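The values are calculated or read from the model by the stated rules, or taken from the named source; none is laboratory data. Just so we're clear, the structure is a prediction, and the values are computed from it rather than from any experiment. Note: ideal-geometry Cβ built from the backbone for every residue, glycine included; neighbour counts use all protein chains shown.
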Ligand code: ADP
Ligand code: ADP
Ligand code: ZN
């Protein structure tokens with residue numbers, strides 16, 4: 001099954017991706033994680049992506065499309081994948097459709113996490129992530145057991161540079177302008193499933209359980 005998570009920054013895509021991966025047993029493909037790793041490693045891709053990520057802007061389509069399809073070609077994606085944060089533009093969505101079509105497959109579900117802007121800002125500005133393993137926490141809603149220390153690996157937990165308020169404003173603008181049109185794009189294709197993302201992590205996960213149980217073959 002091929003699934004995509006669609007929603008603005010802070011909607012809970014990464015958080016719920018872990019749940020979907022456990023539920024469906026498909027690999028998690030996060031363009032944000034891929035860019036952050038490349039930036040840490042200072043690879044050619046990382047150097048190209050950094051100037052955009054740092055400003056809160058979308059990385060150009062040709063760079064983004066290249067890394068996603070390279071990942072999707074891997075053996076573990078043979079029975080499907082979960083896309084988190086891709087596509088984010090109509091051009092990316094069209095490229096994905098063409099890639100899937102060529103392989104005689106399609107996107108089965110686009111799960112839209114719907115969350116109001118005031119809640120998004122509260123979530124993003126309180127987000128903390130592990131510098132070593134990328135695990136995500138929240139200062140108030142999902143704190144680590146020991147302040148500043150990752151529960152999973154003992155690494156250092158800190159804010160993401162692009163989660164600063166002024167960058168968040170830019171990212172939300174980018175979302176409205178370039179990504180929100182995908183809602184209509186996928187509604188027209190009858191694969192859009194809208195979930196109320198405002199609720200607790202567990203309540204959102206329960207909505208996903210219901211969606212995937214109902215859609216099982
Ligand atoms: P995205 O990947 O869409 O940007 P994340 O999954 O990283 O979003 O979540 C953003 C922040 O909000 C994180 O700090 C996360 O711990 C927190 N969070 C995620 N889901 C919820 C929820 N349902 N209720 C409260 N906080 C949440
Ligand atoms: P969030 O969902 O919280 O905004 P991500 O971790 O998904 O954060 O993305 C972080 C950054 O990586 C984005 O602000 C953007 O610069 C870049 N990025 C991620 N996915 C894409 C994409 N599909 N197209 C272009 N840029 C992307
Ligand atoms: Zn960690």
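Tabulated data
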quantity: Residues (within 23 Å of residue 198 (Cβ to Cβ), modelled with pLDDT of 95 or more and either crowded, with 16+ Cβ neighbours inside 10 Å or within 16 Å of ligand 2 (Cβ to nearest atom) (or both)) located in the range 143-161; calculated: 159
quantity: Verdict on residue 6 being surrounded by 17 or more Cβ atoms within 10 Å (Cβ to Cβ), closer than 25 Å to residue 185 by Cβ and touching a residue at least 24 places away in the same chain (Cβ under 8 Å); calculated: yes
quantity: Number of positions in the range 94-119 that are buried (at least 17 other Cβ atoms within 10 Å of the Cβ) and under 23 Å from residue 209 (Cα atoms); calculated: 7
quantity: Residue match in the range 61-70 (condition: surrounded by 12 or more Cβ atoms within 10 Å (Cβ to Cβ), in contact with a strand residue (DSSP E or B) (Cβ under 7 Å, 6 or more places away or on another chain) and in a helix (DSSP H, G or I)); calculated: yes
quantity: Odd one out for residue 125 among (1) within 13 Å of ligand 2 (Cβ to nearest atom); (2) surrounded by fewer than 16 Cβ atoms within 10 Å (Cβ to Cβ); (3) under 17 Å from residue 168 (Cα atoms); (4) without any contact (Cβ under 8 Å) to a residue 40 or more places away in the chain; calculated: (4)
quantity: Inter-residue pairs, beta-carbon under 6 Å, first without any contact (Cβ under 8 Å) to a residue 12 or more places away in the chain and in the range 142-154, second surrounded by 12 or more Cβ atoms within 10 Å (Cβ to Cβ) and not in a loop (DSSP other than H, G, I, E, B), 6+ apart; calculated: 148/157
quantity: Filter pass, residue 52 being surrounded by 12 or more Cβ atoms within 10 Å (Cβ to Cβ), free of Cβ contacts under 8 Å to residues at least 12 places away in the same chain and either more than 15 Å from the chain's Cα centre (by Cα) or farther than 26 Å from residue 129 by Cα (or both); calculated: yes
quantity: Count of residues meeting criterion [near ligand 1 (Cβ under 8 Å from one of its atoms), out of contact with any strand residue (DSSP E or B) (no Cβ under 7 Å at 6 or more places or on another chain) and closer than 23 Å to residue 38 by Cβ] in the range 131-145; calculated: 0
